[in-house]
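For reference, the structure discussed in these notes is given below.
The values are calculated or read from the model by the stated rules, or taken from the named source; none is laboratory data. All of these numbers come straight from a predicted model, not from anything done at the bench. Note: ideal-geometry Cβ built from the backbone for every residue, glycine included; neighbour counts use all protein chains shown. Note: accessible area is taken over every heavy atom of the protein model, side chains too, but ligands, DNA and RNA are not part of it. Shrake-Rupley method; radii C 1.70, N 1.55, O 1.52, S 1.80 Å.
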Amino acid sequence: MNFVSTRGRAPSVTAAEALVSGLAPDGGLYVPEYLPAPREDWETTAGLTYAELAAEVLALFFTDWEKEELLTLCRKAYNGTFNMPGIIRVRKVGEKRYFTELFHGRTLAFKDMALSLFPHLLQAAKKKLGRTETTLILTATSGDTGKAALAGFQDVPGTEIIVFYPEHGVSPVQKWQMQTQAGENVHVYGVEGNFDDAQTFVKAAFEDPDLRAYAKDHGVAFSSANSINIGRLLPQIVYYIRTYAELVKAGEIKKGEAFDVCVPTGNFGNILAGYLAKQLGVPIAKLICASNENHVLTDFFRTGTYDRRREFHATHSPSMDILISSNLERFIYYLLDGDAQATANYLEELRVNGRFTLPESAMARADDFLCGWVDDEETVRLMGRMHKEHGYVMDPHTAVAVGVSDQLQEERDGRLLVIISTANPYKFPDTVAQALKLDTQDATDDFDRMWQIANISSLPLPIQFFHLREKQPRFHESVEKEDLQDVVRKTIAAMTEHNEN
Ligand SMILES: *Cc1c(COP(=O)(O)O)cnc(C)c1O
């Protein structure tokens, strides 16, 4: 199977090439040129290990890779890197409601699901293509991708990674996690701007001929660890299939019985993987797109108009503080029935005018989506209520999903609900402490608050945070968004010097 650009002005490429390049040269995103035939017996995969299932799913798309090779890569990714033997946990809380916890990986956010595997895929792809240049991974993060990518690429030969995070837009723990990252090949910068600024810069860097030429002269090529890379998107399909198989195994639903999933959404990568899982035969009825106060996606689903010209809100769920959802481009392509020309036109309209409107015929294809949003106050209230009623601590992003699914009871016809739980609550101790009404007067910082939460709840403090406080931050620099290009050039110059010595 090859991969084609959503904008149709670039040749189709192999999976290996799509992985290595990240973004298509026409500025589009790669999508598989066809979707594999749906399968009706996914519940039979319940007995496989997570790595085995991941290899099976990837083999549907990476048709020119040996199944054995994929299995080896998946085992490297998932064996021994998660705090949970099953990799994910599907957990019942309340009636007909499950949480699929995706935060038991190295960096405690759902980004680990794909970023534990992605560096292995990338290395294998480079080998297949005989590529010997250094790959420079340019990463914009709204908080969690950065750390997961840094952990994944730490000291991986032939790679360097730069992460840009919004200086004032991530939680203190998220920042601390990134600033203390070890590794000779990692670079971390705060950006005086928001996530959209960082992501826009990264996408522009890919298309900038001068910057690319400069990199090439130094034996460097760019790639991306953001969800624009198929190496992020495809591994995320796996946990939707796993969730279904586990629900059938537990006797909660029958084979083929439909259920709904609700996904806290920012860049539209996670929920798009759910959409693809549905195309592959997982009996998902409704995909619920949950937003915070930056509800550009809710408005899009309700009106067919995507309009990013609006105020940006810094919320308690910072990883969803996004107004330009990059994976939506892939979804638009599907809604337009694969019309790349039309997709390119709408994206150009977005770039120039900040908005576009899809025709009704296209929006009609989104009728299996529901949507909604909740504000910060409600998010905190829901976190407190969930703990009080069920003894279950959830992070603010997951709480947004709970709030939105609560609003949609009537549209849901009593189906079983799966909430996709995206981060370990300990990444947001301040908000959790507030929600649980802890007396934090004596707490001097987030690490104190973590122990307070650990003392009164049944949520174990993850081992990753035991010693985080003692680690010394290595990266302190914050840069203006105009200077990002200079940062990239300097990094390239420094790393080639370093490699020559
Ligand atoms: C990245 C992230 C999201 C949003 O996921 P998208 O794939 O960007 O929609 C939600 N919650 C958390 C905790 C995240 O890290």
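Counting only cysteine Cβ atoms and a cutoff under 4.7 Å, the chain contains unmatched residues 74, 262.
In this label model, residue 76 and residue 204 are separated by 3.6 nm, measuring between points 7 Å along each Cα→Cβ vector. Note on residue 311 and residue 439: the extension gain reaches 42.8 nm, defined as 0.36 nm multiplied by sequence separation minus the Cα-Cα distance. Along its three principal directions, the equivalent ellipsoid of the chain from the Cα gyration tensor extends over semi-axes of 31, 28, 23 Å, largest first.
Relative contact order of the chain: 18 percent, from C-alpha pairs under 8 Å at least 6 residues apart in sequence. For the range 193-206, the Karplus equation 6.51 cos²θ - 1.76 cosθ + 1.60, evaluated at θ = phi - 60°, returns couplings of x, 9, 4, 4, 4, 5, 5, 4, 4, 4, 5, 5, 4, 4 Hz by residue, with Gly and Pro reported as x. Counting only residues at least eight positions apart within a chain, or on another chain, the lysines with an alpha carbon under 27 Å from that of residue 427 are 76, 92, 111, 147, 175, 388, 437, 471, 481.
Placing R0 at 56 angstrom, the Cβ-Cβ distance between residue 497 and residue 390 gives a FRET efficiency of 0.50 after rounding to 0.05.
What does the charge count near residue 98 come to, summing +1 for each Lys or Arg and -1 for each Asp or Glu among other residues with Cβ under 13 Å from its Cβ?
Details: positive: 89, 91, 92, 96, 97, 242, 249, 415; negative: 95, 101, 246, 252, 260.
Result for the neighbourhood of residue 98: +3.
Centroid-to-centroid, using Cα positions, the range 228-281 and the range 362-398 are 18 Å apart.
Normalised per residue, the accessible area of the range 130-175 is 25 Å², obtained with a 1.4 Å probe and no contribution from ligands, DNA or RNA.
Please report the carbon-and-sulfur percent of the accessible area for the chain; probe 1.4 Å, protein heavy atoms only, DNA, RNA and ligands left out. Solvent-exposed carbon and sulfur of the chain make up 47 percent of the total. Working from label points 7 Å from Cα in the Cα-to-Cβ sense, the residue 361 to residue 411 distance is 2.4 nm.
The amide H of residue 159, built 1.01 Å from its N in the peptide plane, has 135 as neighbours under 5 Å, considering only residues 5 or more places off or on other chains.
Distance in nm between label sites at residue 353 and residue 254, each 7 Å beyond Cα in the beta-carbon direction? With each label point 7 Å from Cα toward Cβ, the separation is 5.0 nm. Across the range 41-52, rounded Karplus estimates of 3J(HN,Hα) from the backbone phi angles (6.51 cos²θ - 1.76 cosθ + 1.60, θ = phi - 60°) give 10, 4, 4, 6, 8, 4, x, 6, 6, 4, 4, 5 Hz, Gly and Pro being marked x. For the range 238-255, the Karplus equation 6.51 cos²θ - 1.76 cosθ + 1.60, evaluated at θ = phi - 60°, returns couplings of 4, 6, 6, 5, 4, 4, 4, 4, 5, 5, 5, 4, 6, x, 7, 9, 8, 3 Hz by residue, with Gly and Pro reported as x.
For residue 262, the residues whose amide H sits under 5 Å from its own are 288, 418, 419, 420, ignoring neighbours fewer than 5 places away on the same chain, with H placed 1.01 Å from N.
Pairs of alpha-carbon atoms within less than 8 angstrom and 6+ residues apart define the contacts here; what relative contact order does the range 302-452 have, in percent? Rounded, it is 20 percent for the range 302-452. Amide H to amide H distances under 5 Å link residue 94 with no residue, where only residues 5 or more positions off or on other chains count and H is placed in the peptide plane. Rolling a 1.4 Å probe across the protein heavy atoms gives the range 348-445 an accessible surface of 45 Å² per residue. Listed by chain and number, the lysines whose C-alpha is less than 18 Å from the C-alpha of residue 255, apart from same-chain residues fewer than 8 away, are 96, 278, 286.
From its DSSP helices (H runs of at least four residues, each -39,500 (n - 2.57)), the chain gives a residue-normalised ellipticity at 222 nm of -12500 deg cm²/dmol.
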